[in-house]
Amino acid sequence: MAGRDLMDTKYLSTRCCVVGGGPAGVMLGFLLARAGVDVVVLEKHADFLRDFRGDTIHPSTLELMHELGLLDEFLKLPHRKVRRLAVQIGATSLTIADFTHLPTVCKFIALMPQWDFLEFLATHARRFQGFHLLMDTSATDVMLDGDRVVGVRATSDNGAIEIRADLVVGADGRRSTVRSSAGFKADNLGAPMDVLWMRLSRRPDDGSEAFGHVEGNRIFIMLDRGDYWQCAFVIPKGSADELMKTDIGAFRGMILEMSPWLGERVDELKGWNDVMLLTVAVDRLRRWHRRGLLCIGDAPRHVADRRSGH
Ligand SMILES: Cc1cc2nc3c(=O)[nH]c(=O)nc-3n(C[C@H](O)[C@H](O)[C@H](O)COP(=O)(O)OP(=O)(O)OC[C@H]3O[C@@H](n4cnc5c(N)ncnc54)[C@H](O)[C@@H]3O)c2cc1C
């Protein structure tokens, strides 16, 4: 990475500028730097600690970590192993996935907060000279030379930055700035559900791993995050507004219908501020590349958006 400061703007140049420090962007940054390619990754947040991230590291990802020689160290991070997935449908318990038969090194899903995964990858990537992760740096738009994308404009606490790059990669997730500033068009595929996202405390004798309960058109999923359950309550699309006008007590009752064993713990949901609504929408770019630019990860396929909550 070469750079110079002029007036209030910093000018950098690199082979590849990746916008977004989520799993797609950090992994790409790691792989390029490992291959000796100079890469600048921009992440708009100051750290990876967003609650709004996933928990499951799938066997195929673990296989990749194995191929990269990182698996043993990675599995030293706190995690829980899920070998089977079961759902409770009414009174019937059904195993819907059994990972023990997979032809992979790890025959399980590792439950680990995504921020630990990202911190781990970034720490390893920083060992390569060509890896530059600029946190707290937000891309605002792409730079063009004719019809070719030649870089990215960004802002940070220290002022404006212009990064020239042979290739720009949009890995900036569901509300991709790169995708919109490059003028890409998306097909909306629709989605029949929305999700209410919340935490409930977990007790040592709760059992572990993940639980799923299905009751009519509602699904309640609980992911073990150590001292709390990360819960997702799936509801029919568009029904949240009506539900959230009612007293939270009715919602607590709906959770208890699905998982009576939670008991008085549902009282931890004191109001709707304790519940975050994810409106689910699925769309996909018709084309996710143009000269000098590629979109990867969630950027070319929008999946869910936070709409309200704490
Ligand atoms: C609530 C929820 C739960 C999920 N649970 C799971 C799960 O358990 N397992 C699973 O496999 N998947 C899960 N997913 C999906 C998974 O999180 C995404 O598919 C994955 O994070 C996509 O990775 P990404 O790197 O493409 O995008 P993201 O993870 O969205 O990362 C994009 C990054 O770009 C940054 N960024 C955005 N705009 C800019 C900008 N202008 N400049 C600089 N940086 C920017 C963002 O801060 C973010 O860090 C979940 C998703 C949600 C919403």
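Each value in this text was obtained by applying a stated rule to the coordinates, not by laboratory testing. Here the structure is a predicted model, which means the values were calculated and not measured. Cβ placement follows ideal geometry from the backbone for every residue including glycine, while neighbour counts extend to all protein chains displayed.
Mean separation of Cα pairs under 8 Å and 6 or more residues apart, divided by the residue count, gives the chain a relative contact order of 20 percent. Across the chain, Cα-Cα pairs more than 37 Å apart make up 24 percent of the total. For the chain, the mean residue ellipticity at 222 nm estimated from helices alone is -5000 deg cm²/dmol, where every DSSP H run of n ≥ 4 contributes -39500 (n - 2.57) and the total is divided by all residues, rounded to the nearest 500. Protection proxy ranking of 148-157, 77-86, by the mean of other Cβ atoms within 10 Å over each peptide's residues and highest first, is 148-157, 77-86. Across segment 295-301, rounded Karplus estimates of 3J(HN,Hα) from the backbone phi angles (6.51 cos²θ - 1.76 cosθ + 1.60, θ = phi - 60°) give 9, 9, x, 6, 4, x, 9 Hz, Gly and Pro being marked x. In a reduced charge model with +1 at each Lys and Arg Cβ and -1 at each Asp and Glu Cβ, the chain shows a dipole moment near 780 debye about its Cα centre.
Look at the dipole of segment 193-280 built from charges on Cβ: of Trp229, Gly212, Met276, the Cα furthest out on the positive end belongs to Met276.
A simple spin-label model places the labels of His58 and Glu162 4.1 nm from each other, with each point 7 Å out along Cα-to-Cβ.
Amide H to amide H, with H built 1.01 Å from N, Thr137 comes under 5 Å of Glu43, Lys44, His45, counting only residues 5 or more places away or on other chains. The mean sequence separation of alpha-carbon pairs under 8 Å and at least six residues apart, normalised by the residue count of segment 1-130, gives a relative contact order of 28 percent. Based on the inverse mean of 1/r over its pairs of different Cα atoms, what is the Kirkwood hydrodynamic radius of segment 193-280, in Å? It works out to 13.1 Å. Summing charges over neighbours of Arg34, with a neighbour being any other residue whose Cβ is under 13 Å away from its Cβ, gives 0 when K and R count +1 and D and E count -1.
The trypsin sites (Lys or Arg not before Pro) of segment 228-303 that meet both conditions, a loop assignment by DSSP and at most 16 other Cβ atoms within 10 Å of the site Cβ, are Lys237, Lys270, Arg286, Arg287, Arg291. For segment 93-157, which chymotrypsin sites (Phe, Trp or Tyr not before Pro) pass both filters: DSSP loop (anything but H, G, I, E, B) and at most 15 other C-beta atoms within 10 Å? Sparse-neighbourhood loop chymotrypsin sites (Phe, Trp or Tyr not before Pro): none present. The 3J(HN,Hα) values that the Karplus relation (6.51, -1.76, 1.60; θ = phi - 60°) gives for segment 185-202 are, in residue order, 9, 10, 9, 7, 8, x, 7, x, 9, 10, 10, 9, 10, 7, 10, 9, 5, 10 Hz. Gly and Pro appear as x.
Of the residues Ile296, Pro103, Met65, the one whose Cα sits farthest toward the positive end of the charge dipole of the chain, with +1 on the Cβ of Lys and Arg and -1 on the Cβ of Asp and Glu, is Ile296. Evaluated on segment 15-163, the Kirkwood hydrodynamic radius is 17.3 Å, with distances taken between all distinct Cα atoms.
Remark: segment 40-49, residue by residue, has Karplus-estimated 3J(HN,Hα) of 10, 10, 9, 10, 6, 8, 7, 8, 9, 7 Hz, where x stands for each Gly or Pro and the curve is 6.51 cos²θ - 1.76 cosθ + 1.60 at θ = phi - 60°.
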